[in-house]
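Remarks on the structure that follows.
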Amino acid sequence: MKIANRYGRVGLVDGQRILDVERASRGEFGPTPAQVYEQWPAFRAWARTQDPAQGDPYTLEELGAPSPTARQVFGLGTNYRKHAEEVGWAIPEVPLVFTKFPSSVAGPFGAIELSGPRVDWEVEVVIVIGEGGRSIPASQAWNHIAGITAGQDISDRDVQLRPKDNPQHSLGKSFPGYASIGPVLVTPDEYADPDDIALTCSLNAEQVQNSSTADLVFPVPQLIEYLSSIVTLLPGDLIFTGTPSGVGTVMDPPRFLTPDDEVVSWVAGVGTMRHTFTDRADVAS
């Protein structure tokens, strides 16, 4: 099952058609994505009885973030083995967790305003929580997940890494648009192996990242177990699971995003996000 956010209304997706959930359910579910996540078990059972092909035509550019009003947005640092190797860091013994503030969440297409001269790309597989809770065992984790989407954990390295002796990851990763997600959400049952999902990132048509979640240090079930042992996971929450090798800051010489660059982010089963970048002065207030 695939769901999407079209102009703020949640729908079931099949190819080039989308079935408006609120209208099809006669008001039982929706109209917003957040309302669907709050009723996830009941919604999932209802959705399996529907035929999205009976919906209306749509274009990808009409789609927004699959969970645009997430109350909690988690990020994972150094969670791909090859990424740890490229930056020269030890494999962490426990998940390295930071937050991205919810105001940074944005959709899968459009222009993003650069915050400075050292802004980096980080394609990620993003998990959206369906049925929340605390103390969720790894063996039950996928049952609590609404689905998978693509994400960009865009990072201002200057802000992220200051002060040098005590860096603050969250602020450097929370400018507007720096948590872009989409274009659709795919339920875990759509994957032969949800712990082995391919993802890529291209900069100006040059592939810079290419990996799979099979390289994660802490797979998704372990992340759910760890996070829920500390906080209560809420419906619609986002978990950016980490980025693979190929980020710009470790290139020789380092490479960062500049105005007019185009970043294309792809996650298997989910599809493609496409973003361009501008100077602050180029974006209307």
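What follows draws every value from the coordinates through simple rules; no lab data is involved. Given the structure is predicted, the values throughout are model-derived calculations rather than measurements. Glycine also receives a Cβ, built like all others from the backbone with ideal geometry; neighbour counts cover every protein chain displayed.
This ranking places THR243, THR59 by how few other beta-carbon atoms lie within 10 Å of each, fewest first, which gives THR59, THR243. Comparing mean-square fluctuations of VAL94, VAL270, VAL21 from a GNM of the chain with C-alpha springs under 10 Å, the top value falls on VAL94. Of the Cα atoms belonging to the chain, the radius of gyration and Dmax stand at 18.1, 57 Å. For the pair SER103 and ALA45, a Förster radius of 35 Å applied to the C-beta separation gives a FRET efficiency near 0.60, rounded to the nearest 0.05.
A full extension of the chain between VAL250 and GLU86 corresponds to an added length of 58.3 nm, given 0.36 nm per residue minus the alpha carbon distance.
The calculated 222 nm mean residue ellipticity attributable to helices in the chain amounts to -3500 deg cm²/dmol, summing -39500 (n - 2.57) over DSSP H runs of n ≥ 4 and dividing by all residues. Among rounded, prolate and oblate, which fits region 126-205 when a ≥ b ≥ c are the square roots of the eigenvalues of its C-alpha gyration tensor, a/c under 1.5 means rounded, and a/b larger than b/c means prolate? The shape class here is oblate. Ordered by the number of other Cβ atoms lying within 10 Å of each residue's own Cβ, fewest first, ILE3, ILE112 fall into the sequence ILE112, ILE3.
Once Lys and Arg get +1 and Asp and Glu get -1 on their Cβ, which of ALA65, GLY15, VAL231 lies farthest toward the positive end of the dipole of the chain? Going by the Cα projections, it comes out as VAL231.
Here the extension length gained between LYS164 and ALA192 equals 5.8 nm, from 0.36 nm per residue of separation less the Cα-Cα distance.
For region 73-282, the Cβ-based charge dipole about the Cα centre amounts to some 460 debye (Lys, Arg positive; Asp, Glu negative; other atoms uncharged). Computed extension length for VAL231-LEU171: 19.6 nm, one decimal, from 0.36 nm per residue of separation with the Cα-Cα distance subtracted.
When each of the peptides 215-221, 66-72, 126-132 is scored by how many other beta carbons lie within 10 Å of its residues on average, the order from highest to lowest is 126-132, 66-72, 215-221. Exposure proxy ranking for ARG118, ARG162, based on other Cβ atoms within 10 angstrom of each Cβ and starting from the fewest, stands as ARG162, ARG118. Once both labels are positioned 7 Å from their Cα atoms along Cα-to-Cβ, the gap between GLU262 and VAL94 label points is 4.4 nm.
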